[in-house]
Amino acid sequence: MLKFVLGGSGSGKTTLLYQRVKARAEAGQRSILLVPEQFTSSTEGRIYRELGDSLSGLVESFSFTSLAEKILSTEGGAAVQTLSDAGRAVLVRRALEELQDNVHYYHRHRRSAAFCQMAAQTIDELKSAGLSGQQLAQLAGACGAESGKLSELALIFQGYETLLAGTGMDPSDRLTLAASRLENALARGGLPEFLRGREVFIDEFDTFNAPKKRLMGALLASLPTVTVALCDDGAPLIPGDMSLFSGAKQVAAQLRQLARKNGAEVAVPELLRKDLRHQDAPALAAVTRLLETGRCEPLSPEMVGGLYLFAAPSREEEARAAAGAIRRLMRQGVRCGKIAVVCRDIAKYRAAVRYEFRMADIPLYCDEPTTPEFSAPATAVRALLALTRGAELTEQLTTLAKTGLCSLTEEEVCALENYAYTWAPNAAAWREEFTKNPRGFGDREPTEEDTANLARAEKARALLVGAVDTLRGKLRSANAEQMSRALYFCLKELGAEDQQTSLIEAIRAERGIPAAEEAAREWNVVMGLLDEMASLLGGQSVTIAEYEELFGLLLRSSDLGHIPQTLDAVVLAGAGKMRLDDPDYVFVLGLAEGEFPTAPGESGLLTHADRDALMANEIDLPDCFENRVVREQVCFYKALTAPAKGLWM
């Protein structure tokens, strides 16, 4: 049976789900909570807080991704390697190279890393709509003026799928495979043990793409009850409606159709009408009503507490005003963890907010994407690749030495760099023993210090040049997998592993465990990318320059991620991806026409016209113009209704 719990923001949907989960746990029954990926950590914490030690073991928390992995681990298929987002961009780049002159529309951009990333995002969007490359090629012919561009995109998509078949699996394909495994288990009359006797409660989702819908269909067919909470006012769906809750109404209609298709009954929705979050904040309750209905009754002056407006001439002034207000809240005893700062585009506010909050001594956590491109391990690998393809030795060898990943002391690195600066050795001189005076030309005899510096420089030269020459010999006729292996063992020969271990211990002693873990993560991510290059390219023959270019694309497409350095910090979040843990106070920055809410622009390689042409062929694209307009309204609504006690705009 499919059940719906409907209500606006703050109406108690999540609280009601936890009450039902707890009631089932007290009766000895097991449940599953299904939430978006970014909610899993906070959900597990809340399960423990709400249910305690004894009962929390009866409730499991999953995202769709982790649920699919659990199904595959029990039903088979988990061992198939899955591409990362960075790996997807590399495969697109390889597909473009394979297609060569068959690509006309995108020929000029095919070597661009940014284009490869956009193409990978577009392929992900098409797969989320349930399309394959062959299906897109068939549809492209019926898309009128857009057929040429879509046909070429279909060609790239098909090339990507061909390469993928010999490499691994796309992340979205794992959901489809898990749904298939669950359908097969149901056809055999059995279910995975971890699903037997469970009820599933789904919360915090605004939409479901095609792979998730298929997995949802399998769950509806196999489980007694699936309960879905949606942010919806319960009014009937009007065709063509683009109001605040229209997206949730469409999702509810699709789920009802999915349930009937899989033989599940649909219960009458349970509608929550009361605004529980703002029952002690009448001004915030009025804001919620205004956003939901477009009208609200006037408030008396004594009832507007908790709502503050500030007109700032610049982003810096906005950040300064927010910092001042937060300092006042902190002096009143408000925890930083109960305060959030929300803006539409973090990139526009990150620098100003960080500066003002640092000046005001406010702990801040900002989850920003950070690539490992300029980390020491990545710099070392790129220097080795540059050296083996014939780059200028002096610059690259000194760069390699200064990464801190070679078995060289600081004095030896300095001696090498000074010798190189003084004598500017050419390629032949680098391969011969250093014998010249480190001080340069002159009549004076070398001092003891000069002799010691010369010995240090020679030791560094011998280590670096010996390792590079050995690597060059190994890469001369190597395939991609052998290149990755040779690069790793060259780093090992240089002493990189021992140096990295020493560096981590030094950082741990000086700056603490979080900073040390971040340094360790840099090394692990870059070594993982070497392994991914071997998996993606395998026994394929590539030149060193091609390997270097593809490895650089992997670096630019990867994200290190950040671990919060304190448990109590103000969160700076983008409205599109925010996950706020019941904040009491929210500061919304950048409320201006066209900025927040923002006008939906084009994303990926598909224009609005491309998406309209595909939707005319009954393809449900999640990023079509109408859906993005509705999602922007929902982002704005959730940002302004998130706080329980105070809202600054």
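The values are calculated or read from the model by the stated rules, or taken from the named source; none is laboratory data. These numbers were taken from a predicted model, which means no experiment stands behind them. Here the Cβ positions follow ideal geometry from the backbone for every residue, glycine too, while neighbour counts run over all protein chains shown. Ligands, DNA and RNA are excluded from the accessible area calculation, which covers all protein heavy atoms including side chains. Shrake-Rupley method; radii C 1.70, N 1.55, O 1.52, S 1.80 Å.
Below, the figures for the structure above:
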| quantity | calculated |
| --- | --- |
| Value of [θ]222 nm, deg cm²/dmol, for the chain, DSSP H segments ≥ 4, -39500 (n - 2.57) each, nearest 500 | -17500 deg cm²/dmol |
| Built amide H within the under 5 Å cut-off of Thr227, gap 5+ | Lys3, Val200, Phe201, Ile202 |
| Globularity index of the stretch 293-422, i.e. its alpha-carbon radius of gyration over 2.2 N^0.38 Å | 1.82 |
| Antiparallel content of DSSP bridges confined to the chain, in %, to 5 | 5 percent |
| Principal axes of the stretch 500-557: Cα extent on each, largest first, Å | 44, 19, 15 |
| For the stretch 553-649: rounded, prolate or oblate by the Cα gyration tensor [a/c cutoff 1.5] | oblate |
| Accessible area of the stretch 431-493 belonging to carbon and sulfur atoms, whole % at 1.4 Å probe | 47 percent |
| Cα-based Rg / Dmax (Å) for the stretch 250-341 | 20.6, 59 |
| Surface accessible to a 1.4 Å probe, per residue, for the residues of the stretch 157-257, Å² | 38 Å² |
| Reachable aspartates and glutamates, given that their alpha-carbon falls under 17 Å from the alpha-carbon of Lys3 and they are not under 8 places away in the same chain | Glu199, Asp203, Glu204, Asp206, Asp232, Asp233, Glu265, Glu270 |
| Residues of type lysines that Lys436 reaches as a straight line, Cα spacing below 26 Å, ignoring anything fewer than 8 places off in the same chain | Lys402, Lys459 |
| Shape category assigned to the stretch 450-582 from the gyration tensor of Cα positions, a/c cut at 1.5 | oblate |
| All lysines inside 19 Å of Lys638 as judged from Cα atoms, apart from same-chain residues fewer than 8 positions distant | Lys13, Lys249, Lys274, Lys338, Lys577 |
| Contact order relative to length of the stretch 41-151, as percent, for alpha carbon pairs under 8 angstrom and 6 or more apart | 15 percent |
| Packing-based order for 169-178, 591-600, 615-624, using average beta carbon neighbours within 10 Å, highest first | 169-178, 615-624, 591-600 |
| Mean shadow area of the chain over all directions, Cα convex hull, nm² | 35.7 nm² |
| Karplus (6.51, -1.76, 1.60) ³J(HN,Hα), θ = phi - 60°, over the stretch 305-313, in Hz, Gly and Pro reported as x | x, x, 10, 10, 10, 9, 8, 10, x |
| Sulfur and carbon atoms: percent of accessible area, the stretch 155-303 [1.4 Å] | 53 percent |
